[in-house]
Amino acid sequence: MRTAVSFLSVVRHIRMVAVLATVATSAACASASPTSPSGPASGGTAAVSATQAFCTEEINRYRAMVGLSALSRGTDLESFAEQAIEHDARAGVPHQYFLQTNGGGVSKAENQLLQWKGYAVNDVIRQGLATMWAEGPSGSHYIVLTGNYKQVGCGIFVNGNDVSISQDFH
């Protein structure tokens, strides 16, 4: 049992370093201080749909920079992304749901922005995508963003002051 505890301590430490690095990178890119989360959690289905459309538009804006075609929104992907991000945000583990369900039979790849504290939803989308894109062609998130996909689905989960986003691709 001691080995398991030590392993979990290492995993938690690594996870914390990764989260802090992401937050630090995001904070450096931010043009303003975080605001309280606002977005789909309080605005109903129309607000969720508008935010998912914004997420898709931002992904397509980056894809256009390298001459790639736009992705269409996939309702099955959006449904999966919503389930995935709620599960993963509550668990505090990125991509857990994707791995457990093999992409739910609909998603071939996934990028996530997990538990951004104090940011508005659209700011998480903007700054998170900028951070992923900045990885460049050798970065895993960049590779997913520029992959040979036709559809994307964005899932948004707001829990108190935490905003989490999942982008699932097919």
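The values are calculated or read from the model by the stated rules, or taken from the named source; none is laboratory data. This is a predicted model, so every value here is computed, not measured. Virtual Cβ from ideal backbone geometry, glycine too; neighbours counted across all protein chains shown. Just so you know, the surface numbers come from the protein's heavy atoms only, side chains and all, with ligands and any DNA or RNA stripped out. Shrake-Rupley method; radii C 1.70, N 1.55, O 1.52, S 1.80 Å.
Given the criteria out of contact with any strand residue (DSSP E or B) (no Cβ under 7 Å at 6 or more places or on another chain) and within 14 Å of Ile125 (Cα to Cα), does Arg61 qualify? In short, yes. Applying a threshold of 7 Å to beta carbon distances and a minimum spacing of six or more residues, or different chains, the list of pairs starting in region 100-118 at a residue that is at negative phi and ending at one that is part of a helix (DSSP H, G or I) and open to solvent by 40 Å² or more (accessible area, probe 1.4 Å) reads Val106/Asp76; Asn111/His141. So, of the residues in region 116-148 that are open to solvent by 40 Å² or more (accessible area, probe 1.4 Å) and assigned to a loop (DSSP other than H, G, I, E, B), which turns out to be nearest to Thr56 (Cα to Cα)? Per the stated criteria, the residue is Asn148.
In this structure, is Val93 more than 25 Å from Ala47 (Cα to Cα), within 15 Å of the chain's Cα centre (by Cα) and of a type in the set (A, V, I, L, M)? Yes: the conditions hold for Val93. Within region 63-87, the set of residues being over 17 Å from Ala53 (Cβ atoms), of a type in the set (A, V, I, L, M) and surrounded by 17 or more Cβ atoms within 10 Å (Cβ to Cβ) comprises Ala84 only.
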